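Presented below is the structure to which this report refers.
We did not get these values from a lab; they are worked out from the coordinates using the rules stated. Remember, it's a predicted structure, so these values are computed and weren't measured experimentally. Don't worry about glycine lacking a Cβ; one is built from the backbone with ideal geometry, like all the others, and counts go over all protein chains shown.
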């Protein structure tokens, strides 16, 4: 079964929990501990290149990063595709690019380009019909009918719930497989999201509730896990220790790390092909 079909099968069975990752290394760890899907975060992809998530990373950079991740894991990969990097024609190409490298699904947002992280201030959204046309182009572009197209709506912080609900219904009517209201900040907003759009397949970004509770609210996919913050704190602590003491005592399990990266298989291939 290919990864797109696998993602759809997982959604039929229950909540798909896809942890945030921004490189193949983290994605392999997520797969190693047992996650059935992985999410490539645009925030993290930008951060790994030294930028805030404000539309500075290009389609080419995002697709290249997604390619490394998709090739490193056997589970489905869901990706941030920002605004699809232009108009419906750009959207068409964006879908082809992500699909061609083995990604299982993407979300496309209705922000004005250059976009911002869903939790940043100063967001603006395009007219409903403009995003509807992008979603139509996305469906026409996909060659695998199982490739998942997620319509992200950033209107909540801009225009409130009435417009957000109207937009999500229009996006679903236009053929989006799931709707995604981003920028959910409170438990009350999460419950409103679940209640007002309970008849639509929904995607949630956050960890306001446990994944079990998110599943009970009827969501299909939950991207979650503040791994970027964890990494920031851990690396900063290690760097401070190195600066202050001249060494770092957090070496970890090197054998487990190299096993995960496939070093034993490389040794086997070296013997098989007479490299050593």
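Observations, loosely collected:
- Volume in Å³ per residue [convex hull over Cα atoms, computed for segment 89-155]: 87
- Label point distance in nm, residue 71-residue 231, each placed 7 Å from Cα along Cα→Cβ: 1.9
- Counted residue by residue at 0.36 nm each, then reduced by the alpha carbon distance between them, the extension gain from residue 268 to residue 9 reaches 89.8 nm.
- Between 0 and 90°, nearest 10: helix 128-141 axis offset from the chain longest Cα axis: 50
- Per-residue Cβ neighbour rank within 10 angstrom, fewest leading, 78, 101: 101, 78
- Fewest-first sequence of 13, 134 by Cβ atoms within 10 Å of each Cβ: 13, 134
- Spherically averaged projected area in nm², based on the convex hull that wraps the Cα atoms of segment 3-226: 10.5
- On Cα atoms only, tilt of 187-196 relative to the major axis of the chain in degrees: 50
- Sum of -39500 (n - 2.57) over DSSP H runs of 4+, divided by residues of the chain (222 nm, nearest 500): -15000 deg cm²/dmol
- Neighbour-count ranking [beta-carbon atoms within 10 angstrom, fewest first] of 240, 67: 240, 67
- Counting only alpha carbon atoms, the long axis of helix 227-245 and the longest principal axis of the chain meet at about 40°.
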